[in-house]
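As structure tokens, the structure follows; a few thoughts come after it.
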Amino acid sequence: MTYFVTGATGFIGRHLVEELLERQGDVHVLVRDGSQARLDELVAGWELSHAGAADRIKRVVGDLQLDQLGVDPGWVDAHGGQVDHFFHLAAIYDMTAGDEVNERMNVTGTRHAVALANALGAGCLHHVSSIAVAGDYKGLFREDMFAEGQKLPSAYHRTKYESEALVRSDADVPWRVYRPAVVVGHSETGAMDKTDGPYYFFKAIQKLRDALPQWVPLIGPELGWTNIVPVDYVARALDHIAHQPGLDGEAFHLAHPKGMRSGEVLNAFAAAAHAPRMALRIDKKLTDALPKGALSMLLRLPQLKGVRDSVLGEIGIPGEIIEHVGFPTRFDTRDTERALHGTDIRVPELDEYAEALWDYWERNLDPDLFKDRSFGAAINGRTVVITGASSGIGRAAAMKIAAAGGIPILVARGMEKLEAVKAEIEAAGGTAYVYSCDLSSTEAIGELCATLLDEHAAIDMLVNNAGRSIRRSMTLSHDRFHDYERTMQLNYFGTIKLIMGLVEHMKERGSGHIVNVSSIGVQTSPPRFSAYVASKAALDAWTRCVSSEVIGRGVTFTTIHMPLVKTPMIAPTKIYDAFPTLSPDEAGDIVCEALRAKPKEINTRLGTFGAVAYSLMPKAVDQILHLAYKVFPDSAAAKGQKDPDEKASMEQLAMANLMKGVHW
């Protein structure tokens, strides 16, 4: 036997060549001059599993875009009448590709392949089409069906239909057509060469796995029926059917005989990933019941389109494929099953190989594996304004930013301490700028913003770290109302004044990130921190409102609900000396992570638990916090006194260690 294969370096093609190498005869493969190196790699692999493969693989230089595939006429004359099987697999299998690319690769390429098969007088032209030729046909699409008046909803559907039509009308040699379903990786190894089809949803599954326990039941969409087959089944079935006599002029669905609902597919991959599964799926018929076109028209509104694109972009799903996830079509496979009768070739159930597909994707194809997610890549060359930068968290973050190539702009009240931090940064080879400002004065902040924008071409990021904490019960605050006023002035009014002074600059540039150092207290509501927590909660609420206003201009926010950190701010409360706390260096790492990853929030598990618990059972939480109120009395400092012997009791230490990071 002598074979000719287009698309031999492609995903299905290389698996087919492996099957053909199990038989006798030479395999001529079409290769573009620029793809010779890729073919060299494949031939080396085939040689390992099939001795002599390097001698049997014959290269034929050509191009899909040229008449008769650009193959040398002399070669065609020399091999006329000698090619028993001509396999045409070269095409584009991409729902996101545009009209021109689909037309050029699928239709024009097939026209040229048919012309070459005719010129060679091939024994049989085997054309790999797709179940996409069925378009939006509703009902059971048999293998003997083709032109049924079906609509073809995308360039991919249309060009797969037109390329198959070319084979049927223009081939002078016998032909057979094969229509694979959605082809995924190898059922044993999981090997796959690209991310498409169901793989687009893997990132969403991964994010759910990282966010929620596996046992959490989810509610999700049921997008309709789909059909998935592994590449090794496609290659084996294609090879076997091609060599069976008496099947010319027929089409074969290389598909699962029954198909699966898309929700079942997602649940199979979720199980493989140890992620939560959809216990309840909302049937697509609910949205189909809307007036025709109403939903698609709604999603085309600029505002909603932006929301949709943002959500899909977060999980790596192209908007073009959403409408084509579910098929209205079921595919008959009886002719294929008859042709495979007596063999062990069958479509395995997805549950049997989903784990192999997931494992291969997560180890080799996950887009995050190819991103430079280092802190240096995120911060190098960027200017970062940091308030409260003369000590504690601000100083630690500034040192790390400068070490990674960023340019910290240090802001605090005391210039002497700021200069010391700047000198330390410069001694280590970094660059820093310092500005003295009373951040409790909105007038001073206005002057600061004007100076910063005048002296720096760009302000890329802002870290609002400066703050004031007061630990004092309401009982001791009746004659100290200024406690509330001064915490609000610095923690809330001063912070939003600074943001408002710089955000227009960020909007004009189309990018900017703002980090607000809030508190775990906003989530856990500890007693005696009403002044401090209220000011941070106000900032959190303001940020949630404003972030939706500016996200369309490229400006984003991160709120850090920071646990207790050992800084000068907590020094007056002596019992904290023995409490488990973060070091300023550890807190600085959290700030740097906020600048790198730009999440909406950074929380601790205890903080998140506190927020959820208060939503579910607020009265019970009040009782627990009242217990803490009695266990942790007002400090001597809160009473305006000094007590050198003040220290934490065993009871206090036990509770502090049980709820690490909470301000008591």
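Tabulated values for the structure
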quantity	calculated
2 or more residues at pLDDT 95 or above and either surrounded by 19 or more Cβ atoms within 10 Å (Cβ to Cβ) or aromatic (Phe, Trp, Tyr) (or both): qualifying strands (runs of 3 or more DSSP E) within the stretch 132-199	175-180, 182-184
Cβ pairs under 9 Å, 6+ apart, first in the stretch 214-231 and at pLDDT 90 or above and of a type in the set (A, V, I, L, M, F, W, C), second surrounded by fewer than 19 Cβ atoms within 10 Å (Cβ to Cβ) and not in a loop (DSSP other than H, G, I, E, B)	228/260
Unique match (being surrounded by fewer than 17 Cβ atoms within 10 Å (Cβ to Cβ), out of contact with any His (no Cβ under 8 Å at 6 or more places or on another chain) and of a type in the set (A, V, I, L, M)) among 412, 432, 457	457
Filtered residues of the stretch 213-237 (kept if surrounded by fewer than 20 Cβ atoms within 10 Å (Cβ to Cβ) and more than 16 Å from residue 266 (Cα to Cα))	213
Single match in 476, 498, 490 (criterion: farther than 22 Å from residue 386 by Cα and in a helix (DSSP H, G or I))	476
Residue match in the stretch 366-386 (condition: closer than 24 Å to residue 235 by Cβ, of a type in the set (A, V, I, L, M, F, W, C) and modelled with pLDDT under 95)	no
Residue 105 modelled with pLDDT under 95, touching a Pro at 6+ places or on another chain (Cβ under 8 Å), over 26 Å from residue 24 (Cβ atoms) and not β-branched (Val, Ile, Thr)	no
Yes/no for residue 451 being surrounded by fewer than 20 Cβ atoms within 10 Å (Cβ to Cβ), in a loop (DSSP other than H, G, I, E, B) and of a type outside the set (Phe, Trp, Tyr)	no
Count of residues meeting criterion [outside any helix (DSSP H, G or I) and more than 29 Å from the chain's Cα centre (by Cα)] in the stretch 386-406	6
So residue 248, is it charged (D, E, K, R), part of a loop (DSSP other than H, G, I, E, B) and out of contact with any helix residue (DSSP H, G or I) (no Cβ under 9 Å at 6 or more places or on another chain)	yes
Any hit, the stretch 474-496, residues being surrounded by 24 or more Cβ atoms within 10 Å (Cβ to Cβ), within 24 Å of residue 408 (Cβ to Cβ), touching a residue at least 12 places away in the same chain (Cβ under 8 Å) and hydrophobic (A, V, I, L, M, F, W, C)	no
Condition met for residue 425 (buried (at least 16 other Cβ atoms within 10 Å of the Cβ), touching a Pro at 6+ places or on another chain (Cβ under 8 Å) and either within 14 Å of residue 595 (Cβ to Cβ) or at pLDDT below 95 (or both))	no
Leading residue by the ranking (surrounded by the most Cβ atoms within 10 Å (Cβ to Cβ)) among those in the stretch 1-25 that are among the hydroxyl-bearing types (Ser, Thr, Tyr) and more than 34 Å from the chain's Cα centre (by Cα)	3
Strands (runs of 3 or more DSSP E) contained entirely in the stretch 1-70, each with at least 1 residues that are in contact (Cβ under 8 Å) with a residue 60 or more places away in the chain and of a type in the set (A, V, I, L, M, F, W, C)	3-6, 27-31
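The values are calculated or read from the model by the stated rules, or taken from the named source; none is laboratory data. These numbers were taken from a predicted model, which means no experiment stands behind them. Note: ideal-geometry Cβ built from the backbone for every residue, glycine included; neighbour counts use all protein chains shown.
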